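The values are calculated or read from the model by the stated rules, or taken from the named source; none is laboratory data. Everything numeric in this text was worked out from a predicted model, so none of it was measured. Neighbour counts run over all protein chains shown; Cβ positions are idealised from the backbone, glycine included.
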């Protein structure tokens, strides 16, 4: 899997590569434990965290892909990201709630860290991308005479002069 565009600095990329998997593993264990405590059998409990965090991952990858390619994000990806974030933070808080407020906050942290690292990566890609010029539009010189000279020089270089040979001599002499 391609991590981040080459334009993104290596430091944030490396930090994200450490934080995201760590947060995902801890969040997985919290949601798995919560599923087991609330009656999910082995297979269902193992798949529950994948459905929650997998939704966030899938929506985030779509958003990142669209950001890399300079396109607006699909509405469904943005829409599905919200319940995924709510579910993972809620499940992680519920896992730690039995240990009081501090336990709930500590348990919620991996989900917050994962979401934060993904959003930071998308912001870096958007900023690195910068404004894009329209493809194939050459710079136009300041006045008409410069534009005509530039167009003629480009046509000669390309081997297809703009003026017919018999007219070129008379007009070229004026320049």
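Figures for the structure shown
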item	result
Unique match (being modelled with pLDDT of 90 or more, in the same structural domain as residue 30 (by TED's automatic domain parsing), more than 17 Å from residue 28 (Cα to Cα) and touching a helix residue (DSSP H, G or I) at 6+ places or on another chain (Cβ under 6 Å)) among 80, 122	80
Selection status of residue 51, surrounded by 15 or more Cβ atoms within 10 Å (Cβ to Cβ) and modelled with pLDDT of 80 or more	no
Criterion violated by residue 99 - all others in (1) surrounded by 14 or more Cβ atoms within 10 Å (Cβ to Cβ); (2) over 27 Å from the mean Cα position of the chain (by Cα) satisfied	(1)
Filter result (out of contact with any helix residue (DSSP H, G or I) (no Cβ under 7 Å at 6 or more places or on another chain) and outside any helix (DSSP H, G or I)) within segment 49-71	69, 71
Condition check for residue 45: modelled with pLDDT under 90 and surrounded by 13 or more Cβ atoms within 10 Å (Cβ to Cβ)	no
Whichever residue in segment 58-86 is in contact (Cβ under 8 Å) with a residue 40 or more places away in the chain and under 23 Å from residue 116 (Cβ atoms) and, among such residues, is farthest from the chain's Cα centre (by Cα)	60
Residue 21, sole failed condition from (1) in contact (Cβ under 8 Å) with a residue 60 or more places away in the chain; (2) under 23 Å from the mean Cα position of the chain (by Cα)	(1)
